[in-house]
Amino acid sequence: MSRRRILFVDDELQVLEGLRDLLWRHRRQLELHFATGGNAALLALRQKPFDVVVADLRMPGMDGATLLERVQQEHPGVRRIILSGEAERATMQRALGVADGFVGKPCDLSVLLAAIATGSGWPTQ
Amino acid sequence: MSAKLSLGFAVLVAGLVGIGWSGLSRMSRINDDLEHIVKRRWPNVRIAEEALDLMNENSRISLEMCLVEGRDELATLIDRQERNRERITSFMKRIGQDLDSVEARELFGAVVVSRQRYVESFTGARQALQAGQRERGRQIVRAEVVPALDELRRAWRAYFSFENQLMNQAAETSAENYQSTRRSGVVVIVGSAVFAMLLALLVTHHLDIAFGQLRHAKDQAEATNRALSAEMQARARMELQLRQAQKLEAVGRLASGVAHEINTPVQFVNDSVHFLQEVLGDLTGLLQQYAELRAAVLDGGSAEERARALAAAEQALDLSLLQKRIPEAMQRSIDGLGRIAGIVRAMKEFGHPDETEMAPLDLNRAVGNTLTIARHEYRYVADVRTDLGELPEVRCHAGQIGQALLNLVVNAAHAVAEARRGEGPRGLITVATRHEGAFAEISVADTGGGIPAAIRDRIFDPFFTTKEVGRGTGQGLAIARAVVVERHGGELTFESDEGRGTTFLIRLPIAGRAA
């Protein structure tokens with residue numbers, strides 16, 4: 001089985017690093033990529049195929065909902081997951097319309113893995 | 001009741017005026033009557049009387065004429081009678097010009113007729129006597145002159161009594177009129193007195209009412225005063241509550257942002273600690289293998305196989321990478337916890353309940369706390385630059401000043417976000433502090449859209465807002481102004497350039513509000 005390619009998008013570098021370390025045990029199964037903004041993420045998606053995009057909602061510049069809309073249009077086969085501590089209802093509703101899954105911040109490993117793996121046939125443990 | 005009273009007075013006054021008026025007209029009639037009596041009837045009566053006297057005298061003279069012997073005496077008598085006759089003639093002329101009724105004319109006509117007879121008879125007698133025909137003269141006097149005079153006297157008397165009657169009638173009417181006028185005069189006087197009394201009563205009554213109202217008004221004014229001061233106390237309490245409520249609202253609105261701000265470090269600290277825990281297990285296994293290798297080396301046994309296994313384990317663990325990642329994760333955890341601690345500390349300092357006394361405050365620290373709490377409001381739309389000058393501690397209510405400052409920073413963030421409309425370049429919020437004589441100044445400048453000139457004089461009004469529902473209640477600037485100006489005796493001003501941004505300036509007296 002080829003490694004599953006996942007793109008994490010968050011404006012906080014430390015959040016991305018934390019996620020990378022959290023998934024340390026799965027480094028052999030997962031190919032992790034990181035982008036600190038919507039534009040960087042779209043650039044990465046055009047360069048190579050990804051299985052999953054995990055994006056924060058509130059980011060400077062392009063926000064998460066907009067990014068996921070663009071991903072849905074440009075790369076409909078890519079699974080879209082929201083990873084956010086957002087509580088604002090309007091933002092959430094808009095984002096949920098274009099997302100396949102939602103993970104609240106702070107999250108633990110199993111929840112994150114389940115969201116990434118759902119519907120992929122990929123074992124969560 | 002006042003209307004009824006007024007009506008009653010109107011009727012009374014109208015009655016009095018009517019009576020008074022009729023009295024006056026009667027007075028004038030009495031006056032006319034009296035004038036008539038005095039000028040017309042009375043002279044006529046007097047003349048008639050006098051004429052009658054003269055006629056009586058002539059009657060006597062006529063009889064004397066029959067008795068006297070001497071010529072001279074006779075001439076004297078004839079002279080006297082002639083003079084009397086002339087006087088009577090003049091009286092009759094006067095009366096004859098002044099006859100004002102048919103009856104009077106008839107009566108007077110009888111007088112004239114009988115007089116004619118008398119004059120004729122007298123003339124005959126005189127001529128006879130003057131001619132010395134004494135017997136014939138006496139004959140004429142007895143047979144003609146005296147009867148003619150008698151008749152004349154009767155005619156006079158008739159006329160005289162008529163005039164007298166007229167005069168008496170006029171006098172009686174006048175007297176009656178006078179009596180009734182006097183009665184109406186009495187009525188008017190009594191009525192006026194009653195009216196005046198009633199008026200006085202009414203005026204007194206109204207004065208009483210007015211004084212009562214005055215007293216009542218005074219009582220009311222006092223009550224209003226008391227209510228007003230109670231109201232003012234209530235207002236002051238309400239203002240305090242409003243400020244607290246706005247603070248809670250501001251904090252509440254910021255709460256989700258603050259939660260998000262805390263969430264982020266919690267997320268990566270959590271991830272990092274889980275990672276560290278996990279690799280610590282791996283490393284513990286690796287250490288065990290190292291211990292076994294050391295024991296094997298010390299025992300002098302074969303170490304090569306164990307060393308090879310160790311190398312494989314190191315490889316499997318990506319040990320060289322871990323050696324880099326572990327300190328990074330440690331540092332990240334420390335950073336994250338620091339961030340959380342900073343936010344919590346800022347919240348704690350910001351959330352100070354309102355102190356009753358002013359206390360010295362490090363304004364620069366307050367600015368830092370405010371920016372920490374509001375970070376989520378501006379971090380996605382603007383960069384923040386601080387230019388904090390050296391400041392002495394400022395005597396103030398720290399919680400209130402923090403609230404005012406927070407309101408300005410949140411407004412600046414909203415202004416920049418509004419101007420960007422989700423796209424445009426990031427804005428800039430500059431917070432600067434400065435020591436300026438007896439004042440400390442804090443300026444909050446944004447690169448938002450500015451405040452339109454049309455609403456500049458309303459922005460400090462309570463409940464005035466341009467923000468959408470749920471984003472602002474219009475209390476922020478009103479509270480900021482109340483805090484800075486009213487609570488601290490400072491100033492809150494602003495300069496705005498449409499399209500380029502707004503700068504708010506807080507000036508606080510360093511020594512605190514002047515008592």
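The values are calculated or read from the model by the stated rules, or taken from the named source; none is laboratory data. Please read all numbers here as calculations on a predicted model, not as lab measurements. Note that each Cβ is placed from the backbone with ideal geometry, even for glycine, and that neighbours are counted across all protein chains shown. When the accessible area is computed, the model is the full protein with side chains, heavy atoms only, and any ligands, DNA or RNA have been set aside. Shrake-Rupley method; radii C 1.70, N 1.55, O 1.52, S 1.80 Å.
Bridgeable aspartates and glutamates around B:Lys324 (alpha carbons under 13 Å apart, same-chain partners fewer than 8 residues away excluded): A:Glu17, A:Asp21. Ordered from largest to smallest accessible area (heavy atoms of protein chains, 1.4 Å probe), the residues B:Thr356, B:Thr284 come out as B:Thr356, B:Thr284. The residues of chain A present an accessible area of 44 Å² per residue when probed at 1.4 Å with all protein chains retained.
Counting helices only, and only those DSSP H runs with n ≥ 4, report the 222 nm mean residue ellipticity of chain A as the sum of -39,500 (n - 2.57) divided by its residues, in deg cm²/dmol to the nearest 500.
So the calculated ellipticity at 222 nm is -11000 deg cm²/dmol.
Extension gain, B:Val68 to B:Lys348: 0.36 nm times the residue separation minus the Cα-Cα distance gives 84.6 nm. Extending 7 Å from the Cα toward the beta-carbon at both B:Asp299 and B:Glu495 defines two label points whose distance is 8.4 nm. In the range B:262-350, Rg over Rh equals 1.25, where Rg is the alpha-carbon radius of gyration and Rh the Kirkwood radius from pairwise Cα distances. Per-residue SASA remark: B:Phe464, around 40 Å² accessible (1.4 Å probe; ligands, DNA and RNA not included). A Cα-only calculation for the range B:156-312 places Rg and Dmax at 61.5, 201 Å. Peptides B:329-340, A:55-66 ranked from most to least packed by the mean count of surrounding Cβ atoms within 10 Å: A:55-66, B:329-340. Nonpolar atom fraction for the protein assembly as shown, defined as the carbon and sulfur part of the 1.4 Å probe accessible area, stands at 56 percent.
Estimated purely from DSSP H runs of n ≥ 4, each contributing -39500 (n - 2.57), the mean residue ellipticity at 222 nm for chain B is -26000 deg cm²/dmol once divided by its residues.
Scanning residues 5 or more positions from B:Cys396 or on other chains, those with amide H under 5 Å from its amide H are B:Ala359, B:Leu361, with H placed 1.01 Å from N in the peptide plane. Bridging of B:Lys348 to lysines at a Cα separation below 30 Å is possible for A:Lys105, B:Lys247, B:Lys467, once same-chain residues fewer than 8 apart are set aside. Residues B:Leu77, B:Leu207, A:Leu109, sorted by accessible area with the largest first, give B:Leu207, A:Leu109, B:Leu77 [1.4 Å probe; ligands and nucleic acids excluded]. Across peptide A:54-61, the average count of Cβ atoms from other chains found within 10 Å of a residue's Cβ is 3.
Buried area at the B:A interface is about 2500 square angstrom, summed over both chains, from accessible surfaces computed with a 1.4 angstrom probe.
Give me a single rounded figure for A:21-28: the average over its residues of other chain Cβ atoms within 10 Å of their Cβ.
Mean shielding by partner chains, rounded to a whole number: 6.
Taking Cα centre as origin and charging only the Cβ of basic (Lys, Arg, +1) and acidic (Asp, Glu, -1) residues, the dipole magnitude of the range B:2-253 rounds to 1180 debye.
Shielding of peptide A:105-111 by partners, expressed as the average count of other chain Cβ atoms within 10 Å per residue Cβ, is 4. Rg ratio for chain B: its Cα radius of gyration over 2.2 N^0.38 Å, N being its residue count, equals 2.88.
The tail of the calculated P(r) for the protein assembly as shown, taken as Cα-Cα distances beyond 40 Å, holds 65 percent of the pairs.
Per the Debye formula on identical point scatterers at the alpha carbon atoms of the range B:415-515, with no solvent, log10 I(q)/I(0) at q = 0.16 Å⁻¹ is -0.77.
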